[in-house]
Amino acid sequence: MTKRLFAILSVLVLASMLIAACGSKAPAAATYTCTDALGCVTIGPSDPVHIAYWGVLSGADSSLGEDSKRGVEIAIDDMGGKFQNHSILLTTEDALCTPEGGATAATKLATDTSIVGLIGSSCSDETVGGIATLTKAGLTTISPSNTRPVLTSPDRGPDYAGYLRTAHSDAFQGKAVAEFAYNYLKVTKAATLHDGSTYAQALQQVFADEFKKLGGTIVAQEAVAKDATDMKPVLTTIAAAGPEFLYYPVFVAVGGFVTAQVRDVAGLENVKLAGSDGIFTADLLKAGGPNTKGMYLSSPDFSAFTGDYAGFIAKHKAKYGGSTLSTFHAHAYDATNILFAALTKVAVVEADGTIYVPRQALRDAIYATKDFKGITGNLTCSQYGDCGAPVIAVYEIMNSDPASWNPSDATNPNPKKIWP
Amino acid sequence: MRTSFGERLLDLAVSGFLWGFRILIVLVVVLGTFLTIRAGKYTGEQWIDFVVFGISQGSIYALIALGYTMVYGILRMINFAHGEIFMSGAFGGYFIATWLTVSGFMDKYPALGFVIAILSGMLVSTLIALLVERIAYRPLRGAPRLVPLISAIGASFFLQYTFRGFFGPGVYAYPSITALDGEWMFFGVGVLKVQIIVAIAAFVMMGILYSIVMFTKIGKAMRAVSEDKDVAALMGIDVNRIIVSTFALGAAMAGAAGVLYALTYRQINFFTGFTPGIKAFTAAVLGGIGNIPGAMVGGLVLGIVESVGPALFLDSLGIPRPYQLKDAIAYIMLVMILLFRPSGILGERVSKKA
């Protein structure tokens, strides 16, 4: 019985392979021969141009990924959903904001040979886990929101050849927060807390170094696990060091627990609280509750964007309603446009509509991006993949009601830019 | 009993390693504690805070651990979906507590509102646990032990993602009850009200459970079934009914724990049950699985060690970021207890059959 079943199955498999082989070979009358070092993507006359987005789409930090995804979608809408008369197909892969999630998503995406280019990831951890796989598969990804400095540093290694970003490096963000704390708030004793993610770990270290350079003291640098819920013991340890300023550039889960519990710890009733772009979302207000009022968050400075940000917000409002979810939507929009601008330069279009995309040429074209007029600024990519135009601002949360979240509101923004 | 020289050597090496490990851990703890106390970084008040945080966290672990231990005592099975039962209780309590807070009832009658929130959490948890028992466990009652275990893991995922489907991946902020804000002073030391109330509520729940098991007819029947299912059935005990009530009792405790947990930490999502579930399972093993007072003791010990440990004996040893090692402390303690006392702190009355 099993033998017969096996026989039938193998015949079926063979037959389907034959059919598939004939089907794809028959109509192609190729005049273009691919000589690219990384090979080419062939897009048939009726096939869509396939790009992918990978980032965090579930869990406590889903707003971060969803926000960027919307930026990509709006960019595609602005192209009329078409490239060279081919429709644009966007697939998404959830990378869970962890190195493991990033590795899984990258492996899945790397097997799909129809993908031309990628936007992502959301969290630096995801990139650390997945980038080697993508680079090896000949793919190139542009991240709208990874901020860990080392990702675009000269010693980042060959695995990162396929990696660029439109987000700022935290070398800028940590410095900005340190200046804000020391010069504007006039605090001299600061403590930091991170959640073990590569993003938070690196950012709090940049802050600590810069803060010390300015003349301040770092009284405590603590860390918790990413799934920790009881923050009171670690906050008590921090309280024993007597900080005036507590900086926790973490993600939403830990950020919410810390904010909700910090005022309950003796000695921290009046400490000033600050976080960064990882918790620049209404979800922090949901998770952190009333204590979020008066908290400071650093983020890209929306008012320093040189492009048509107001126009983007209007499109966002029309398509999704409500406020933006997080802070990197414009960066995602720019990343998508950079990808397609490079694609326009290198794509070879046949008379019958077939498109060939040489992978290495596409990658080189993205790196060659120069003075690109994006929303976030005039973008030029460095040889190490840094395309961002970093201007950091610090915002203050004016109201702890999540429904009031609207950083781009003209009259009554929440959070509101207070520095510089 | 012929043992070769090589085997004896291996035995010696293993026991030598185990002894070395024990001595090393004890040394770390003693040395670290000594150095910390000498350094005098923390005030007496802060030490009391650490212990209080530990007790309130530990009493929640204890409540959840009861469910693991009771089900194990009766079915010799680890109910891995128990963490999700806990989470469903937190969600059940969330909707009622929010509604009570918004309608102003909570401010008028805080005590009554608090009890209603806990009861609703217990109810939701119990209903879900009964469904899980009926669908995922009962049909597998006669199967080998591994089978219901796998089924339990499946049930756990199913519940997690069902809640995700219904309520989304985001977090829900628990309403803050004004009556629970602030501190009470004890001998000049301020202790958070919510911590005290959570601990008291947990102890009351555990007291109720313990009296049910020890002093009622159904409790006696439970003990009989856990001793020997077949003989209990011969004595005219409806084994199915007893198993169902065990699940219900354990789940009710988990539901109460869910609401108490959420009142303390003020946010929940569909994944909330995972870590406390694992920790409570650790607590149950720590106290001696199958043993009800053991689960209570295990939970409290685990909570306190987690809270006090990093500050007490890791901080002064120059280990950076000791709080990241909180879980490591918990699990190393589990290993230590199992090395010194393989049956857990209070030991299990191991039935001859097992």
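Derivation of every value follows stated rules applied to the coordinates shown; laboratory data play no part. The structure presented is a predicted model; accordingly, all values stated were derived computationally and were not measured. Here Cβ is always computed from backbone atoms with ideal geometry, including for glycine, and neighbour counts include all displayed protein chains.
Observations on the model:
- Between residue A:119 and A:52, A:53, A:54, A:142, the built amide H atoms are under 5 Å apart, and every one of these is 5 or more places off in sequence or on another chain.
- Gyration tensor (alpha-carbon) shape descriptor, the range A:261-420, a/c threshold 1.5: prolate
- In the range B:150-249, chymotrypsin sites (Phe, Trp or Tyr not before Pro) in a DSSP loop with at most 13 other beta-carbon atoms within 10 Å: B:187
- Qualifying trypsin sites (Lys or Arg not before Pro) in the range B:110-173, where qualification requires a DSSP coil assignment and no more than 15 other C-beta atoms within 10 Å, comprise B:141, B:145.
- The range B:235-354 pair-distance distribution - Cα-Cα, 10 Å bins, rounded %: 12, 33, 34, 16, 4, 1, 0
- Cβ-based net charge around residue A:155, under 14 Å, with every Lys or Arg adding one and every Asp or Glu removing one: 0
- Annotation: lysines with alpha-carbon distance below 29 angstrom to residue B:217 (same-chain offsets under eight excluded): B:229, B:352, B:353.
- For residue A:393, the residues whose amide H sits under 5 Å from its own are A:299, A:301, ignoring neighbours fewer than 5 places away on the same chain, with H placed 1.01 Å from N.
- Over all pairs of different C-alpha atoms in the range A:301-362, the reciprocal of the mean inverse distance, the Kirkwood hydrodynamic radius, equals 14.1 Å.
- The C-alpha atoms of the range B:17-129 occupy a region whose extents along the principal axes are 55, 43, 16 Å, arranged from largest to smallest.
- Helix A:198-214 and the long axis of chain A differ in direction by around 40°, with both axes built from C-alpha atoms.
- Over all directions, the projected convex hull of the C-alpha atoms in the range B:231-286 averages 5.3 nm² in area.
- Phi-based couplings in Hz for the range B:99-113 (Karplus 6.51, -1.76, 1.60; Gly and Pro marked x): 4, 5, 5, 5, 6, x, 5, 4, 6, 6, 10, x, 5, 5, x
- Charge-dipole axis of chain A as Lys and Arg at +1 and Asp and Glu at -1 on Cβ define it, positive-most pick from A:218, A:122, A:405: A:122
- Per the Debye formula on identical point scatterers at the alpha carbon atoms of chain A, with no solvent, log10 I(q)/I(0) at q = 0.13, 0.14 Å⁻¹ is -1.05, -1.19.
- Dividing the alpha-carbon radius of gyration of chain B by the rule-of-thumb value 2.2 N^0.38 Å gives 1.07.
- Computed from point charges on the beta carbon alone (+1 for Lys and Arg, -1 for Asp and Glu), the dipole magnitude for the protein assembly as shown about its Cα centre is near 2020 Debye.
- P(r) tail fraction, the range B:108-265 - alpha-carbon pairs more than 22 Å apart, %: 56
- All-pairs Cα distance distribution in the range A:51-150, expressed in whole percent, bin size 10 Å: 17, 50, 28, 5
- Computed over the alpha carbons of the range A:134-269, Rg followed by Dmax gives 16.7, 54 Å.
- The amide H of residue A:221, built 1.01 Å from its N in the peptide plane, has A:192 as neighbours under 5 Å, considering only residues 5 or more places off or on other chains.
- Residue pairs exceeding 24 angstrom between C-alpha atoms, taken from A:186/A:232; A:189/A:213; A:212/A:272; A:232/B:326; A:186/B:193: A:186/A:232; A:186/B:193.
- Mean separation of Cα contacts under 8 Å, 6 or more apart, over the residue count of chain B: relative contact order %: 33
- Across chain A, the mean sequence separation of Cα contacts (distance under 8 Å, 6 or more residues apart), normalised by length, yields a relative contact order of 18 percent.
- Under 16 Å from the Cα of residue A:175 - aspartates and glutamates, other chains or at least 8 residues apart: A:209, A:210, A:277, A:301
- Hull shadow area, averaged, the range A:366-420 [alpha-carbon convex hull, nm²]: 5.4
- Rounded to 5, the percent of DSSP beta bridges in the protein assembly as shown classed as antiparallel: 45
- Pairwise Cα inverse-distance average, inverted: Kirkwood Rh of the protein assembly as shown (Å): 28.9
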